[in-house]
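K.L.:
This is the structure, below, for whatever I ask next.
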Amino acid sequence: MGESGNNLAIVAQPPQPAVIVPNYDNSNLRRGDFPQGFVFGTGTGAYQVEGAAAVGGKGPSVWDSFTLRTPGRIADGSNGNVAVDMYNRFKEDIRTMKAMGFDAYRFSISWPRILPGGRCSAGINRKGIDYYNDLIDTIIAHGMQPYVTLFHWDLPDILEKEYNGFLSKNIVSDFCEFVELCFWEFGDRVKRWTTINEPWTYALNGYVRGVFPPGKVSSPPHRVLKKLPAHRSIQHPNATVPITRSYSDVKYDKSDPAKDVYIVARNLLLAHAAAVHLYRTKFEVFQKGQIGIVLCSHWHVPLDENSDEDKAAVRRAVDFMLGWFLDPVLYGRYPQNMIDFVPPENLAPFTHLESQMLKGSIDYVGINYYTTNYVSYDPNPEGVGYDADQKLEFHVDRNGKPIGDPSGSTWLYIVPWGIYEHLVYLKKTYPNIPPIYITENGVSDKNDFKLTAKAACVDPTRTKYHQDHLAYLLKAINEAKVDVKGYFVWSWCDNFEWVEGYMARFGIIYIDYMNNRTRHAKNSAVWFAQFLKGSKNIIPPSNKRQIEEDSENVPEKRSRAQQKN
């Protein structure tokens, strides 16, 4: 559907559910199967890995405040004070990334680390800037490219306290001060910028589910746990991960629960547009980089394939998760489904100037894909705001059969074919969409402190997850001609996984939290190293040092060494 199209035709003929193919062995997939120049990378988020929460002049973020003041809201009562200590160990990690053969490292800059007071007038922290300069220089020195996210949810806590953060339009000018400083300090080397990571997650989990700062819940507890689309949050009441917080003790003490999530989303979009305008008008001509946004979206299929209402619900589910942000940055307006289903007093339209700034405000779009859900029509939802507006119910099984295999996170079921269906949908629905990067794709194991590091590094589920998703991604590129330029593994290492704390391990590198946060390569990391180098012999090393040693035995490296001798 182009800019002038409407949703009616698509509702009448919604995307058909994928055919689940047999359990093929994709272990022989290799880097050379992908187009030349295709980027393979891995990623992290600042609060999840850096630690050093009160080191080098860093100010507190909303996540520092949220985890320290209300530890019961995190499944294991933990926080990111130390995390995986990447602040002190990034050189070790980047050396291993390069040894494995990755082209790029995607990371985020902590706003309160370089602007502890939230804005330049409150003081610039040169130690924080020096840290990121050192990080970027190290990445480039190892032959990789930095892909930098400007906002990965760690808002300076002072701005939340001063004017309620993204509930206020004041955030746009303060965000622009922050990003301009980043462009000025780092833009000579950074050629791929992301303004905001997963605005849907920040808005929904903060102002509907209430599991992210500032912890506002606008839906009844049973719907929060069972009927909303889950992402980076504990899902159903019988979760295997303990739920230590109570939703009943969370009160919505400010503003309007029916519209706040829409206000926050709108201000996230306006902050994005202002940052892109700033980059394009003041920096792009000299720095010659690109700037985009990273959006998350599950794929959805109808619970009842014979129900027209469930088929229409599929498109509405995608629009209320992805289109909410993708349509504005492409066309300068919300998707028609949101205009039709959200009360106009809650979904304020963009002004003409705002629309023009938003329209076309991405050079690329990052897509974070993890899972697929069934969806059905819910004509009478409880609660107010987003949940009630979309009139949907989400399911992970049909007739008692799960949509995919479970993972270590209750919200994530393994559905590799969903990434193919989603990419085909994007190409058909948005024919003028710019190049796509899969900026996150990964799966978790449930943390088990009873396992030795060696035993925990045996992760066949993760290895196959990436093999199968890469195979479907390649199918989308080759058969459907979807313009995908790169794939980033989430995540580089085990880390603080937001509301799940350290109870979910997403990394391809194991972090031994009990023994000085020592790094160990999981078997999935070994497979990636072989995949990226093209070798067919997969021999699991005992630790990450083996990967680095093996990298010196790759034929092209041996030949260079022989030439020197």
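A short reminder: the numbers here are calculations on the coordinates, not readings from a lab. Since the structure is predicted, the reported quantities are computational estimates derived from the model, not experimental observations. FYI the Cβ positions are ideal-geometry reconstructions off the backbone, even for glycines, and counts take in every protein chain you see.
K.L.:
Are there GluC sites (Glu not before Pro) in the range 285-386 that DSSP marks as loop and that have at most 14 other Cβ atoms within 10 Å, and which are they?
P.N.:
Numbers: sites: Glu305, Glu309, Glu345, Glu354, Glu382; in loops: Glu305, Glu345, Glu382.
Taking the range 285-386 and a limit of 14 other Cβ atoms within 10 Å, the loop GluC sites (Glu not before Pro) found are Glu305, Glu345, Glu382.
K.L.:
On to the next question. Can you list residues whose amide H is under 5 Å from Gly408's amide H, if they're 5+ apart or on another chain and H is modeled 1.01 Å from N?
P.N.:
Placed amide hydrogens put Ser444, Asp445, Lys446 under 5 Å from Gly408.
K.L.:
Right, something else. Just the number, please: percent antiparallel of the DSSP beta bridges in the range 8-564, rounded to the nearest 5. Don't skip to the end; give the middle numbers.
P.N.:
Numbers: 15 of 53 bridges.
Counting only bridges with both partners in the range 8-564, antiparallel ones make up about 30 percent.
K.L.:
Which FRET efficiency value, to the nearest 0.05, is calculated for Arg126 and Ser255 with the Förster distance at 60 angstrom and r the Cβ-Cβ distance?
P.N.:
Working: r = 37 Å, r/R0 = 0.61.
The value I calculate is 0.95.
K.L.:
Sticking with this one: I need the trypsin sites (Lys or Arg not before Pro) found in the range 371-476, filtered to DSSP loop residues with at most 11 other beta carbons within 10 Å of theirs.
P.N.:
On the way: sites: Lys391, Arg398, Lys427, Lys428, Lys446, Lys450, Lys454, Arg462, Lys464, Lys475; in loops: Lys391, Lys450.
Taking the range 371-476 and a limit of 11 other Cβ atoms within 10 Å, the loop trypsin sites (Lys or Arg not before Pro) found are Lys450.
K.L.:
Within straight cross-link reach of Lys191, meaning Cα distance under 20 Å, which aspartates and glutamates are found once same-chain residues fewer than 8 apart are removed?
P.N.:
Filter leaves Asp103, Asp130, Asp134, Asp137, Glu177, Glu180, Glu284, Asp363, Glu440, Asp483.
K.L.:
For the range 419-467 and the range 270-299, compute the distance between their C-alpha centroids and round to whole Å.
P.N.:
Value for the Cα centre distance between the two parts: 25 Å.
K.L.:
I've got another one for you. With each pseudo-label sitting 7 Å past Cα toward Cβ, what's the Ala54-Lys485 distance in nm, one decimal?
P.N.:
Between Ala54 and Lys485, the simple spin-label model gives 4.3 nm.
K.L.:
Note down the magnitude of the dipole of the range 8-564 about its Cα centre, charges +1 on Lys and Arg C-beta and -1 on Asp and Glu C-beta and zero elsewhere, to the nearest 20 debye. Please list the in-between numbers first.
P.N.:
Numbers: 63 positive and 62 negative charges, 262 e Å.
With only Lys, Arg, Asp and Glu charged at Cβ, the dipole is about 1260 debye.
K.L.:
Using +1 at the Cβ of each Lys and Arg and -1 at the Cβ of each Asp and Glu in the range 8-564, identify which of His300, Val264, Phe186 lies farthest towards the dipole's positive end.
P.N.:
Phe186
K.L.:
Listed highest first by mean packing, meaning other Cβ atoms within 10 Å per residue, what order do 336-344, 31-39, 355-363 come in? Intermediate values should be presented prior to the final figure.
P.N.:
Values: 336-344: 16.6, 31-39: 13.1, 355-363: 18.9.
Most protected by this proxy first, the peptides run 355-363, 336-344, 31-39.
K.L.:
Give, in nm to one decimal, the length gained when the segment between Phe286 and Asp137 is fully stretched (0.36 nm per residue of separation minus the Cα-Cα distance). Intermediate results must be reported in sequence, preceding the final value.
P.N.:
Details: separation 149, 0.36 × 149 = 53.64 nm, distance 1.91 nm.
So the chain would gain 51.7 nm between Phe286 and Asp137.
K.L.:
For the range 24-177, compute Rg over Rh where Rg is the Cα radius of gyration and Rh is the Kirkwood radius from the inverse mean 1/r over Cα pairs.
P.N.:
On the way: Rg = 17.8 Å, Rh = 17.1 Å.
Reported Rg/Rh, Kirkwood definition of Rh: 1.04.
K.L.:
Let me ask something else. So what's the gap between the Cα centers of the range 70-124 and the range 139-200, to the nearest angstrom?
P.N.:
13
K.L.:
Moving on to the next point. Using 0.36 nm per residue of separation minus the Cα-Cα distance, give me the extension gain between Val458 and Trp184 in nm, one decimal. Don't skip to the end; give the middle numbers.
P.N.:
Values: separation 274, 0.36 × 274 = 98.64 nm, distance 4.36 nm.
Length difference between fully extended and current span is 94.3 nm.
K.L.:
While we're on this one: Would you kindly state how much longer the chain becomes between Asn88 and His395 on full extension, computed as 0.36 nm times their sequence separation minus their alpha carbon distance, in nm to one decimal? Write out the running numbers ahead of the final one.
P.N.:
Values: separation 307, 0.36 × 307 = 110.52 nm, distance 4.21 nm.
Taking Asn88 through His395 to full extension adds about 106.3 nm, to one decimal.
K.L.:
Would you mind computing Rg(Cα) / (2.2 N^0.38 Å) for the range 8-564, counting N as its residues? Working shown, then result.
P.N.:
Working: Rg = 22.3 Å, N = 557, 2.2 N^0.38 = 24.3 Å.
Rounded to two decimals, the normalised Rg is 0.92.
K.L.:
Which one of Pro435, Met357, Ser407 has its Cα pushed farthest toward the positive end of the charge dipole of the range 337-441, where Lys and Arg give +1 and Asp and Glu give -1 at the Cβ?
P.N.:
Of Pro435, Met357, Ser407, it is Pro435.
K.L.:
Counting only residues 5 or more places away or on other chains, whose amide H sits under 5 Å from the amide H of Leu392 once H atoms are built in the peptide plane?
P.N.:
Correct list: Asp378.
K.L.:
For Thr194, what residues show an amide H to amide H distance below 5 Å, using hydrogens built from the backbone and excluding near sequence neighbours?
P.N.:
Result for Thr194 returns Val148, Thr149, Leu150, Gly292.
K.L.:
Spelling out what I want: for every residue of the range 114-123, take phi, set θ = phi - 60°, compute 6.51 cos²θ - 1.76 cosθ + 1.60 (Karplus), and round to whole Hz; glycine and proline get x.
P.N.:
Working through the residues one at a time gives 9, 10, x, x, x, 9, 5, 5, 8, x Hz.
K.L.:
Sticking with this structure for a sec: From the phi angles alone, apply the Karplus equation (6.51, -1.76, 1.60; θ = phi - 60°) to the range 191-207 and give each ³J(HN,Hα) in whole Hz, x where the residue is Gly or Pro.
P.N.:
10, 9, 10, 10, 5, 9, 9, 6, x, 4, 5, 4, 6, 5, 6, x, 10
K.L.:
Further, regarding this structure: Can you work out ³J(HN,Hα) from phi for every residue in the range 426-438, in order, using Karplus 6.51 cos²θ - 1.76 cosθ + 1.60 and θ = phi - 60°, giving whole Hz and x for Gly and Pro?
P.N.:
So the J values, rounded to whole Hz, are 4, 5, 6, 7, 10, x, 9, 5, x, x, 10, 10, 7.
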